[in-house]
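Report on the following structure.
The values are calculated or read from the model by the stated rules, or taken from the named source; none is laboratory data. Just so we're clear, the structure is a prediction, and the values are computed from it rather than from any experiment. Counting neighbours? That spans all protein chains shown, and the Cβs are built from the backbone with ideal geometry, glycine included. Heads up: the accessible areas ignore ligands, DNA and RNA and are worked out on the full protein's heavy atoms, side chains in. Shrake-Rupley method; radii C 1.70, N 1.55, O 1.52, S 1.80 Å.
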Amino acid sequence: MQWLTLSLVGLFASFLSISILISIPMCVAVEPPDDGKLRVCVVESRGIYRKTPKFCPLLEAKSNIECVIGVDRLDCVRRIHKGTAHFGVLTSEDLVAARWASVEILVASELRSHQSHFEYEIVAVVDNQADIHTVHDLRGAKLCHPGYGLGNHWTEDRISSTARYFGPSCKAGPWVPDPKQDRILKSRYPSLCELCYDPVNCDQNDKHWGRRGALYCLTSGGGNVAYARLDDVRSHFGLSGIAAQANPSEYSYLCPDGHLQPINVTKPCVWVAKPWPVVAARRTHAAQIQRLVTGLNHDEPDSWQSALLSLLETYHVFTVPLDNVISIDDYLDQATAFQSAYSFPECNPPRSIVFCTTSIIQHIKCSWLQEASQVYGVQPNIQCVRTMDVQQCLDDTKFKAADVVLVDQEMRVKAQRDYNLVPLLYEFATDMHDRYVTIALVHKDAKFQSFNDLRGARACLPSYEGAAHLSVQETIVNATGKVHSLHSFFHRDSCLWHPDKGRKCPLHYQGDEGALRCLSEGADVAFLSSDVYNKYVGGNLTANWLAKGNHKDFRVLCPYGGIEKRSNFKYCYLHWTTRGHLMTHNSSLTRHHEIYNSLRDMDQLFGRKYKSETRPFTLFGIFDKRNNVLFRDTTDGLLGLQELHRDNAKRVMEHIYDRYTNTQYYKNFDESGASQFSYNYWILIFCFFITLQRQFS
């Protein structure tokens, strides 16, 4: 209901916008060979219960219907378009996305949980004493907004426009994903919390928050107008068999055409109606599918009919066939104002977040993400562009032809130092092995016991200026109290990958597996990602250079003591960072917040913590049978810096990146190998404290 309410409020405040969608690159569907079987695309529901293992074998054994497991609902849209599936369950939002993508799908039947023609309808209720008779009378009125969570964050433009248009109002709950920014905005626009039960906190615990909260705000909190679901209004005013919370004669429905209706009217005027989920099918099979699903029931639990219904339904309990199979447009047009909710003019000047991709498959996924975000009202939305490589993306982002580029730990220094980009969000994974965790490996019988013992050792790094390199450099400082160059600290035969000095090592020593190979072929210590060592110990590395059957040749050296219990990690380590870093250009703080909030909204909608019964789109996971497209499959969420620092694992690398890229003090060495920086630094600190002492004496 959240986006529908936003649409209505946005209409009055003149700030709701739906940006124009660029067409999604999609190959022309090629009809697969017809083997006479029907294929239903099934998406598993949230939670641990899995229905496909239980019902698909029964369905396939007793009918000519096969299951196709979709990653998400838009994956089913693509499969139906390509002909690898014939039908599936789609929501009204999926239908809008399919229509915008020019996917030819027909609607056959509805899945309902009650007999109403629509899943729900939105109405406007006004206080009869508020002197509101038309839409124009809403200016300055006291708005009761249901709030909800972050299904759609409000941009600052929306917040500002709403505060200017309406009088004292209540929109409790989070406005934007970042709590600090949320508090700043609520302090800047206090009128939007003034009518809340607790105006100071204005959060989800407020009595005036939520579907029923908006109605309490109207009837007992001094509000003038509330937008609410029709079924909630009838319950609130005692028209559905439960006790009334307010006198219905004191309130009226405000109609779009500018007249009022009493609350007890039989057919209230509706602003927006939400269509039911549907069984949708390819045009070639739609009529057949409609006949197939009509009358499905659970009368015989072991029948294919019961199995198919179990696969199709979520909380919906029966199918209602349409009079005829019809197009998406014809179906959605039956719902009052539903399509027009997506047709408001965009903001002027238009704004979007240009997301830079480097391959066709990345661009396709990005475009579907744009499509899904558009449907769910994310603003500003992303716009996808494709370049030849990450280098060009970095260049485009530097000069603001693009806004966001995703880099890994190998490219982070280059992006921040050479292109003046700043990190905005991080691809965070709960499992430490899915992060980049730098560990130090030595031979199991080596005499090294501390990091200081490694002075003069032959060392192997995966790369130059990658996470392992910076982590080792920082650990040398922490262990010795001085800044040393890697070349002065380690043996001259080390593989450190400096472009201008040091040993030229064979290319097969590059990368994390290469560093392990370098160690196995004669070096003393290797610094690499923990996940490679974990695979090695588990026997999951099968390279030709590995000794077969022996996975205990090395041990982990602990530079900071033993294993830290709070990190819940089985290895001691140097430092850690995330695998992916979303970088943006140096721009205004407002623009940074805008990009941050939109990307966090996408994470909320399509990431691990999606709220809908079935996943609408998969941000982190398989896309069109390919792994790690755009984002890594193992990502658990996009986090900001403050959230990163709250993780239990110590020594996240952000301060190291900042210091290295901003001062590059690691590179300023005297002939002895110890940095002149150390001497100058302590002289500076000494002078600073002498000055303070004089001031306070």
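When a 1.4 Å probe is rolled over the protein heavy atoms, the share of accessible surface on the chain that falls to carbon and sulfur comes to 51 percent.
Annotation: amide H-H contacts under 5 Å for Ala440 (H modelled 1.01 Å from N, sequence separation of 5 or more, or interchain): Leu557, Leu574. Here the 3J(HN,Hα) profile of segment 276-285, calculated from phi with Karplus coefficients 6.51, -1.76 and 1.60 at θ = phi - 60°, is 6, x, 9, 8, 10, 8, 4, 3, 5, 10 Hz, Gly and Pro shown as x. Annotation: amide H-H contacts under 5 Å for Ala228 (H modelled 1.01 Å from N, sequence separation of 5 or more, or interchain): Val123, Val125.
The Asp131 and Asp624 beta-carbon pair, evaluated with R₀ = 56 Å, returns a calculated FRET efficiency of approximately 0.50. Would you mind pulling out the separation of the Cα centroids of segment 369-434 and segment 512-532, in Å? Value for the Cα centre distance between the two parts: 30 Å. Exposure check, 1.4 Å probe, all protein chains in place: Thr266 carries approximately 120 Å² of accessible surface.
Taking all protein chains together and rolling a 1.4 Å probe, Glu194 ends up with roughly 110 Å² accessible.
For segment 115-129, the Karplus equation 6.51 cos²θ - 1.76 cosθ + 1.60, evaluated at θ = phi - 60°, returns couplings of 7, 4, 6, 10, 4, 7, 10, 9, 10, 10, 10, 10, 6, 4, 7 Hz by residue, with Gly and Pro reported as x. For Val43, the residues whose amide H sits under 5 Å from its own are Gly70, ignoring neighbours fewer than 5 places away on the same chain, with H placed 1.01 Å from N. Residues Arg651, Arg412, ordered by accessible area of protein heavy atoms at a 1.4 angstrom probe radius and largest first, appear as Arg651, Arg412. With protein chains left intact and a 1.4 Å probe, residues in the chain average 43 Å² of accessible area per residue. Summed over qualifying helices (DSSP H, 4 residues or more, each -39500 (n - 2.57)) and divided by its residue number, the chain shows a 222 nm mean residue ellipticity of -9000 deg cm²/dmol. Whole-Hz Karplus values for segment 247-255 come out as 7, x, 6, 8, 9, 9, 7, 8, 9 Hz, taken residue by residue from phi with 6.51 cos²θ - 1.76 cosθ + 1.60 and θ = phi - 60°; glycine and proline positions read x.
Accessible surface ranking for Arg291, Arg39, Arg73, Arg626, 1.4 angstrom probe, highest first: Arg291, Arg626, Arg39, Arg73. Normalised by the number of residues in the chain, the average gap of Cα pairs under 8 Å and 6 or more apart makes the relative contact order 16 percent. Normalised by the number of residues in segment 464-508, the mean separation of alpha-carbon contacts (under 8 Å, six or more apart) gives a relative contact order of 26 percent. Taking Met653, Met411 and ordering them by how much accessible surface each has at a 1.4 Å probe, largest first, produces Met411, Met653. Placing a label point 7 Å from the Cα of Glu60 along the Cα-to-Cβ direction, the residues of segment 263-303 whose backbone N falls under 18 Å from that point are 303.
In the complete set of protein chains, residue-level accessible area for His508 is approximately 90 Å², probe 1.4 angstrom.
Only four residue types carry charge here, +1 at the Cβ of Lys and Arg and -1 at the Cβ of Asp and Glu. Report the dipole size of segment 200-328 about the Cα centre in Debye, rounded to the nearest 20.
For segment 200-328, the charge dipole is close to 300 debye.
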